[in-house]
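Heads up, the thing below is written out as structure tokens.
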Amino acid sequence: MLITEATGVSAAAQGHRPTPGVWTDEQVEAWRPIVDAVHTKGAVIFCQLWHVGRVVGALRPDGTRAETVPVSSTGRPIATPRMNDGVEEEFATPRRLAVEEIAGVLDDFRRAARNAVYAGFDGVEIHGAHGYLVEQFLKDSTNDRDEEYGGSLENRCRFVLEVVTAVADEIGGRRVGVRLSPFADYMDCHDSDPHALALLMATKLNNVPGGILYLHMVEPRMARANGRRVVPKRLRPYREAFGGTFIAAGGYDREGNKVVGEGYADLVAFGRLFLANPGLPKRFELDAELNKYNRATFYTSDPVVGYTDYPFLG
């Protein structure tokens, strides 16, 4: 099973250059040969639907100040600059998304999900992780609202549950997954009680009418044991609370395959190792040597280095 990189649901949802989208007919047609190629190989592919929220640079690529103001759960910008193609970039100051505007964002997710199915995708994954719009509503460091979408934990979960329900209504819940990173602190986005957040979300997702296919959750930061980095494996309470397929992610190597047999997860997701190792499942099957990944090339716009130049298994 393959999950695409984060894919914008609208022009306003974009914040990185260059990243894909799935809100226009032209984008749908561009996805078709990619999806068909995956299906020809007998694999399954989901499109990860994404809205960056406030994660938008203050300047355009030409160095002029951006005119479009990003939206978020808050009016506070991200304090820490980011590196964009080797250049330090400050973030734009967002405006708080008005309650009456939320219906429009839900429509953007609906249209993107519908377009993904038109393009041939087997389903979609809603990106609710790593500091982007959905997580900006979820976490108390970035949600300073005092109406029905803020304050209590239940209220902070309202937006994502409305997004998931809207998408499930549009294409069917058995085509829908959700990715969450309750323990992460990317983009100044963290929560004072990540365990309570994760447990409530895992439970509430069971109540989406018709159900959803899977919950994809990121492990807490890796720990050290006997001199080596190890995955903390603290997701079991949420796996037990969620009634569907559970995917664990975050720092797993070939030993991660064991957690499926142990019942800790139904599936394990691999990111960095898959970028560097074409045919990763075959390498695992044969216990073959793995290529080392080059982290510096993960988010560059170069069309070759870091993506298509890693050697295939001989």
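The values are calculated or read from the model by the stated rules, or taken from the named source; none is laboratory data. Predicted model, so just to flag it, every value in this text is computed and none were measured. Cβ coordinates were reconstructed from backbone atoms using ideal geometry, including for glycine residues, and neighbour counts include every protein chain displayed. Note: accessible area is taken over every heavy atom of the protein model, side chains too, but ligands, DNA and RNA are not part of it. Shrake-Rupley method; radii C 1.70, N 1.55, O 1.52, S 1.80 Å.
General remarks:
- Residue (of 243, 129, 269) at the positive-pole extreme of region 116-270, dipole from beta-carbon charges: 269
- The phi-based Karplus calculation (6.51 cos²θ - 1.76 cosθ + 1.60; θ = phi - 60°) puts the 3J(HN,Hα) values of region 105-121 at 5, 4, 5, 4, 5, 4, 5, 5, 5, 4, 5, 4, 5, 4, 6, x, 4 Hz, whole numbers, x for Gly and Pro.
- Within the straight-line cut-off of under 22 Å between alpha carbons, the lysines reachable from residue 282 are 41, 258, 292, sequence neighbours fewer than 8 places apart in one chain being disregarded.
- Mean separation of Cα contacts under 8 Å (6+ apart) over length of region 58-198, as relative contact order %: 24
- One chain, two ends: residue 255 and residue 114. Fully extended at 0.36 nm per residue, the span grows by 47.1 nm beyond their Cα-Cα distance.
- Gap separating the Cα centres of region 70-145 and region 1-47, nearest whole Å: 17
- In this rough spin-label picture, where each label sits 7 Å from Cα along the Cβ direction, the residue 17-residue 30 distance is 1.5 nm.
- Our coupling estimate for region 20-30, obtained by passing each phi through the Karplus curve with A = 6.51, B = -1.76, C = 1.60 and θ = phi - 60°, is x, x, 8, 9, 10, 4, 4, 5, 4, 5, 5 Hz, Gly and Pro reported as x.
- Difference of contour (0.36 nm per residue) and Cα-Cα distance, residue 39 to residue 79: 10.2 nm
- Residue-wise HN-Hα coupling along region 34-40, computed from phi with Karplus coefficients 6.51, -1.76, 1.60 (Hz; x: Gly, Pro): 5, 4, 4, 5, 5, 5, 4
- Gyration tensor (alpha-carbon) shape descriptor, the chain, a/c threshold 1.5: rounded
- Computed over region 2-269, relative contact order equals 14 percent, with contacts defined as Cα pairs under 8 Å that lie 6+ residues apart.
- Available extension along the chain between residue 221 and residue 152 is 22.3 nm, counting 0.36 nm per residue and deducting the alpha carbon span.
- Largest accessible area first, the listed residues 204, 139, 41, 233 line up as 41, 233, 204, 139 when surface is computed with a 1.4 Å probe on the assembled protein chains.
- Sulfur and carbon atoms: percent of accessible area, region 2-269 [1.4 Å]: 50
- Exposure of residue 31 as accessible area (Å², to 10), given a probe of 1.4 Å and all protein chains: 30
- Rounded to the nearest 500, the 222 nm mean residue ellipticity of the chain from helices alone is -8000 deg cm²/dmol, with -39,500 (n - 2.57) taken per DSSP H run of at least 4 residues.
- Amide hydrogen neighbours beyond the local backbone of residue 125, cut-off 5 Å, H modeled: 47, 48, 49, 177
- Taking 18 Å as the straight-line reach from the Cα of residue 204, the lysines in range (excluding those fewer than 8 positions away in the same chain) are 139.
- Of the beta bridges in the chain, as assigned by DSSP with both residues counted there, near 20 percent are antiparallel.
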